[in-house]
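The next block holds one structure in the form of structure tokens; read it before the comments.
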Amino acid sequence: MAHSSGSQALTTAELASLANERERMEAEGGAYSGESRRDEESPEPLLPQNYSDDMRNRWERIQTGFVDDPRVSVQQADELVAAAIRKLAESFAQERANLEQQWSSGKDVSTEDLRQALRRYRVFFQRLLAI
């Protein structure tokens, strides 16, 4: 199956293994237990619109192909879910890297920038738990 991102396909099992490894490596870091209220604003999209549209189109092709080859469809569905998870992780990692770059260059990161970053994490986390 061709992937628009050009990267190697991963399965959800491989992503889970990588996530577990990363958690072990970052275990000494603390957890923030800040705001727990639900965001009253409508949540912003977690992925760019064009990426989401592409993923929906791919899902429709996978679902349509189930009749002809159920095993391949399940494999492709797993790869699609893994790709979406990877894209989300990349998005959050980029946001964090941008903040860390500002810190390391001696620039002050505004409290508003940090609030927005934390808000984005909170909205994502609440949506994830609501699934």
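The values are calculated or read from the model by the stated rules, or taken from the named source; none is laboratory data. Every value quoted in this text rests on a predicted model; they were computed, and no experiment measured them. Because the Cβ atoms are built from the backbone with ideal geometry, glycine has one as well, and the counts that use them run over all protein chains shown.
Points to keep in mind about this one:
- Remark: pairs (first residue in the stretch 36-61, within 14 Å of A83 (Cβ to Cβ) and of a type outside the set (K, R); second residue modelled with pLDDT under 80 and surrounded by 11 or more Cβ atoms within 10 Å (Cβ to Cβ); Cβ separation under 7 Å; 6+ apart in sequence or on different chains) = D54/S4.
- Residue list for the stretch 102-130, filter: over 14 Å from the mean Cα position of the chain (by Cα), closer than 17 Å to L46 by Cα and surrounded by fewer than 11 Cβ atoms within 10 Å (Cβ to Cβ): A130
- Complete set of residues in the stretch 77-101 that are within 19 Å of S52 (Cα to Cα), of a type in the set (S, T, N, Q) and exposed (fewer than 14 other Cβ atoms within 10 Å of the Cβ): Q94
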